[in-house]
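Asker: Sharing a structure, written as structure tokens. Questions coming.
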Amino acid sequence: MTAREDWWYDEAAGPLVRPYAMVRGRTRPNAPDLHLVTQVRASSFASDQTSLTVEHREIMALCARPLSVAEVAAYLDVPLVVVKVLLSDLIERGDVLVQNSSPQIPDRDLLQAVLDGVRGI
Amino acid sequence: MVFVGSDDQLTVPTAVKIVIAGGFGTGKTTMVASVSEIPPLQTEELLTEAGVHVDDLAGIEGKDTTTVALDFGRITINTKVVLYLFGTPGQNRFWFMWDELATGAIGAVVLVDTRRLDSSFPSIDFFEHRGIPFVVAVNCFDGSQLYTVDEVRHALDLDDAIPVVLCDARDRESSKTVLVGLIQHSMNRLAAV
Ligand SMILES: Nc1nc2c(ncn2[C@@H]2O[C@H](COP(=O)(O)OP(=O)(O)OP(=O)(O)O)[C@@H](O)[C@H]2O)c(=O)[nH]1
Ligand SMILES: [Mg+2]
């Protein structure tokens, strides 16, 4: 995305106008637990996207492959709190799939896989 | 809401994370960059001017906010597992971020610069108090390796069970060795309980 410079310093409008406008000040009453590393992915049965905002569609495109919430926020260049609201919209529509778990300390098998993986890079 | 595995053939990997902590300028971002498969990314959390974490956008329209940036990298382990490496924000006042980072983490690397040992005390305290596995990696800035591993261990008042290693955060193999040491340390801790 472009013109990030004036994102936070839109003097006429005051701070935070853009991200606030993007989510229309909505909270996330029924939002799933979205953590930094929670994996999200666009569903292969995504619904009609014509009613979606540009940002929602950008997320759908990004999530053609699985990504973490933190990666989506970084690529979209919006604060985490904003991307969580946008993702929640898409999850509610069934357009984005989410890993249904809060961060858990990995078990032995998972640690072994990570160990082998890191050794192999 | 559709969860993975219900009616969709697509899979979503399991994510694990490692925290790269330490004082200001100890080489956290450098270490993330040296092992990450992508150039480090940045993500921003929102804070009010008073430093309070904004976790809900309701009611903050027009309020002055600032951001705290986290940098992170990624190592795809295989199609089912992906590892994220998060550098902690430099300033210690962002403890709320540390909690989110540390929850469910494999463990932490605490980077130490021997010219400013005390700058890593808060990180060590944090992981010690929460019982999170960590290793101490002494980042050998050019010609600054003034102390031996034992001296560093003593100066930091570290338990014998905490691994202390020397490293060069700019070097991929060196950083890999530190990560391998941390994962093994975590596995040993798991076996011990
Ligand atoms: N000589 C040498 N320089 C290093 C090493 N590691 C990092 N540096 C340099 O030290 C400086 C700080 O490194 P960073 O990786 O930005 O440190 P950081 O911990 O992320 O810093 P903050 O996020 O600001 O707290 C950079 O200029 C690096 O290039 C090292 O092992 N040797
Ligand atoms: Mg840094």
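Asker: Applying a 10 Å radius around every beta-carbon, put A:107-115, B:67-75 in order of their mean neighbour count, most first. Spell out each step's value before the answer.
Answerer: Working: A:107-115: 15.6, B:67-75: 20.4.
Result, highest mean first: B:67-75, A:107-115.
Asker: Another question about this same structure. Can you pick out the pairs among B:Lys28/B:Lys176; A:Lys84/B:Lys176; B:Lys80/B:Lys176 whose Cα atoms lie more than 23 Å from each other? Please report the intermediate quantities before stating the final value.
Answerer: Numbers: B:Lys28/B:Lys176 14 Å; A:Lys84/B:Lys176 32 Å; B:Lys80/B:Lys176 21 Å.
As for pairs spanning more than 23 Å Cα to Cα, those are A:Lys84/B:Lys176.
Asker: What is the distance, in nm, between label points placed 7 Å from the Cα along the Cα-to-Cβ direction at B:Val165 and at B:Tyr147?
Answerer: 2.0
Asker: With label points built 7 Å along Cα→Cβ from the Cα atoms of A:Ser51 and B:Asn78, find their separation and express it in nm.
Answerer: Label-label distance for A:Ser51 and B:Asn78, simple model: 4.2 nm.
Asker: Okay, next question. Compute the signed sum of charges (Lys and Arg +1, Asp and Glu -1) over the other residues within less than 11 Å, Cβ to Cβ, of B:Ile162. If you can, show how the numbers build up before the last one.
Answerer: Numbers: positive: B:Arg153, B:Arg189; negative: B:Glu128, B:Asp157, B:Asp159, B:Asp160.
Residues near B:Ile162 contribute -2 overall.
Asker: Under 5 Å between amide hydrogens, which residues at least 5 positions from B:Phe134 or on another chain qualify, with H placed 1.01 Å from N in the peptide plane?
Answerer: B:Ala108
Asker: Under the Karplus relation 6.51 cos²θ - 1.76 cosθ + 1.60, θ = phi - 60°, what is the ordered set of whole-Hz ³J(HN,Hα) values for the range A:105-120, x standing for Gly and Pro?
Answerer: Result, rounded to whole Hz: 5, x, 7, 4, 4, 5, 4, 5, 5, 5, 4, 4, x, 5, 4, x.
Values quoted throughout were computed directly from the atomic coordinates according to the rules given, and no laboratory measurement underlies them. All of these numbers come straight from a predicted model, not from anything done at the bench. Ideal geometry is used to build each Cβ from the backbone, glycine not excepted, and the neighbour counts take in all protein chains shown.
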